[in-house]
1. Criterion first (at pLDDT 90 or above and in contact with a Lys or Arg (Cβ under 9 Å, 6 or more places away or on another chain)) does residue 140 satisfy it?
2. If residue 140 passes every condition in (1) β-branched (Val, Ile, Thr); (2) within 16 Å of the ligand (Cβ to nearest atom); (3) under 20 Å from residue 262 (Cα atoms) but one, which one does it miss?
3. Going through region 106-130 one residue at a time, which ones are among the hydrophobic types (A, V, I, L, M, F, W, C) and assigned to a helix (DSSP H, G or I)?
4. I'm told residue 193 meets every condition in (1) part of a strand (DSSP E or B); (2) away from the ligand (no atom under 14 Å from the Cβ) except one. Can you identify the failing condition by its number?
5. Do we find that residue 335 is within 16 Å of the chain's Cα centre (by Cα), in a helix (DSSP H, G or I) and either of a type in the set (Phe, Trp, Tyr) or surrounded by 20 or more Cβ atoms within 10 Å (Cβ to Cβ) (or both) in this structure?
6. Is it fair to say residue 61 is within 17 Å of residue 91 (Cα to Cα), in contact with a helix residue (DSSP H, G or I) (Cβ under 8 Å, 6 or more places away or on another chain) and surrounded by 11 or more Cβ atoms within 10 Å (Cβ to Cβ)?
7. Within region 394-406, is even one residue of a type outside the set (A, V, I, L, M), crowded, with 20+ Cβ neighbours inside 10 Å and more than 16 Å from the ligand (Cβ to nearest atom)?
8. Can you tell me which residue in region 361-385 is farthest from the ligand (Cβ to nearest atom), limited to those that are within 13 Å of residue 347 (Cα to Cα) and surrounded by 18 or more Cβ atoms within 10 Å (Cβ to Cβ)?
Amino acid sequence: MAWDFQTEPEFQQKLDWMQHFVREEIEPIDVLFPGGAAPYDVKNPETRKLVAPLQAEVKKQGLWACHLGPELGGLGYGQLKLALMNEILGRSTWAPSIFGTQAPDSGNAEILAHYGSEEQKRRYLDPLLAGEIVSSFSMTEPQAGSDPGEFRCRAIKQGSEWVIRGEKYFSSNSVLAEFLIVMVITDPDVPVHQGASMFLVPKDAPGVHFVRRSGLGIEPLGEGVHGYIRYEDVRVPEENLLGEPGQAFHIAQTRLSGGRIHHAMRTLGQVKRAFDMMCERSLSRRTQGEPLSRKQSVQNVIADSFIEIEQFRLLVLYTAWLIDQGDKRRARTYVSAIKVRTPAIMQDVVGRALHVHGALGCSNEMPLAHMWMTAPVMGIVDGPTEVHRVQVARDVLRDYKPSEGLWPDEYLPHRVDAAREKFAEVLEAHVGNL
Ligand SMILES: Cc1cc2nc3c(=O)[nH]c(=O)nc-3n(C[C@H](O)[C@H](O)[C@H](O)COP(=O)(O)OP(=O)(O)OC[C@H]3O[C@@H](n4cnc5c(N)ncnc54)[C@H](O)[C@@H]3O)c2cc1C
């Protein structure tokens with residue numbers, strides 16, 4: 001009977017070390033250099049001075065870029081251990097970069113490790129894994145995001161080259177990236193899931209034109225690291241096709257499953273931080289002669305948040321475990337399920353923590369308002385909630401069939417008849433003995 005919720009002691013030691021290291025050494029950098037994009041600016045000499053020694057320490061501990069499997073030169077921890085690590089890293093904006101596991105570079109590294117040529121690995125994967133460069137994943141288009149059937153960006157083979165033409169929107173970190181992994185249509189005559197391919201495009205390739213930078217909510221217009229890019233007849237050699245033509249969705253799926261779990265656990269790290277703040281505040285702030293923690297409404301939100309956090313954590317860890325077991329079909333349903341819950345738990349728990357802090361919670365003197373604004377983003381990034389809900393429902397319904405005839409299988413008059421028939425002999429004997 002293998003049903004165990006414990007972490008093996010050797011790995012727990014690593015997690016304990018990470019916990020301490022993130023809080024004591026990395027979180028102070030979050031405060032000095034805030035903003036989600038700051039860790040991706042790997043050419044900034046000021047932050048490099050602080051970050052490089054910390055990265056060296058992580059490498060010394062054997063915890064650098066743990067997302068790659070052993071066949072790809074990584075440690076092969078598997079998703080469950082990575083999930084536990086990401087829960088700790090999620091507390092901090094800088095931590096993922098200091099552990100060499102920041103999105104989208106972690107996923108892009110996996111793609112390159114699987115499908116890149118030796119030369120591409122030397123030129124892009126090695127510096128990416130060393131944290132010397134960053135990359136971008138370029139799929140969403142200005143007119144279409146969640147429905148790839150509307151994508152228009154095309155690549156056409158000309159001799160030994162592919163020529164890419166079209167536009168991409170919200171390619172994160174493209175502004176800072178050394179290269180982009182671009183998803184384009186190579187065969188418009190088949191359904192998009194069979195007709196899209198992935199290409200490695202160096203950012204300095206002629207024809208890669210930045211229309212503008214997009215940012216998130218509070219960033220000033222014209223700033224931000226999400227590029228609106230026009231690919232104007234960008235020519236790449238045929239070896240820049242990653243995998244086979246038409247394989248883009250298959251490749252993306254490999255990359256996204258783990259990525260979504262890491263996202264969810266990092267969100268959980270943030271949510272738990274907000275929960276800690278809520279508990280501390282409720283014990284510290286007094287009203288009507290008693291701490292807030294004595295008010296039943298505050299106890300309610302603490303209890304609800306605790307329950308939701310624990311439920312979500314178990315769901316994510318179970319999903320990670322499913323992937324480690326190689327149960328891809330079931331894992332897909334669960335990955336979508338956690339994708340649906342991620343923005344909701346962020347919005348609910350962080351929102352409650354903010355509310356319990358009153359004006360201070362709304363202010364720019366606590367991290368809560370900023371954290372809360374990321375909740376809606378979580379509901380969009382990697383596909384909107386609705387799409388994942390539909391995926392869950394479709395997968396679930398595959399295990400069911402319609403009832404035969406007019407009435408449901410659980411229709412009580414039929415069940416009573418069937419039960420009477422099943423036990424007819426006993427029932428008759430009972431009646432006969434009366
Ligand atoms: C912070 C951030 C970073 C991002 N980074 C990248 C990146 O690096 N690379 C990249 O390629 N893209 C990136 N994106 C884009 C992201 O992948 C898309 O925003 C996402 O896929 C949704 O596409 P859309 O914005 O075009 O929304 P749309 O497809 O226009 O959807 C808008 C809304 O319509 C509704 N809707 C859509 N489809 C359905 C449906 N089937 N059923 C019911 N309702 C539906 C939903 O309410 C949805 O929220 C990023 C986005 C954000 C916010």
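The values are calculated or read from the model by the stated rules, or taken from the named source; none is laboratory data. Treat the numbers as computed from the prediction; the structure is a model and nothing was measured. Please note: Cβ atoms are built from the backbone with ideal geometry, for glycine as well, and neighbour counts cover all protein chains shown.
1. yes
2. (3)
3. Within region 106-130, the first condition is being among the hydrophobic types (A, V, I, L, M, F, W, C), and the residues that meet it are 109, 111-113, 125, 128-130.
Within region 106-130, 109, 111, 112, 113, 125, 128, 129 meet the criteria.
4. In the conditions (1) part of a strand (DSSP E or B); (2) away from the ligand (no atom under 14 Å from the Cβ), residue 193 misses (1) alone.
5. Values: within 16 Å of the chain's Cα centre (by Cα): yes; in a helix (DSSP H, G or I): yes; either of a type in the set (Phe, Trp, Tyr) or surrounded by 20 or more Cβ atoms within 10 Å (Cβ to Cβ) (or both): yes.
Here the answer is yes, as residue 335 does meet what is asked.
6. Working: within 17 Å of residue 91 (Cα to Cα): no; in contact with a helix residue (DSSP H, G or I) (Cβ under 8 Å, 6 or more places away or on another chain): yes; surrounded by 11 or more Cβ atoms within 10 Å (Cβ to Cβ): yes.
The answer is no for residue 61.
7. Restricting attention to region 394-406, the residues satisfying the condition of being of a type outside the set (A, V, I, L, M) are 394-395, 398-405.
Applying the additional criterion that residues be crowded, with 20+ Cβ neighbours inside 10 Å yields none.
Looking for residues that are of a type outside the set (A, V, I, L, M), crowded, with 20+ Cβ neighbours inside 10 Å and more than 16 Å from the ligand (Cβ to nearest atom), one finds none in region 394-406, hence no.
8. From region 361-385, those within 13 Å of residue 347 (Cα to Cα) are 368-379; that's our starting set.
Still in the running and surrounded by 18 or more Cβ atoms within 10 Å (Cβ to Cβ): 368, 371-372, 374-375, 378-379.
On the way: 368: 19, 371: 14, 372: 15, 374: 9, 375: 12, 378: 9, 379: 7 Å.
Per the stated criteria, the residue is 368.
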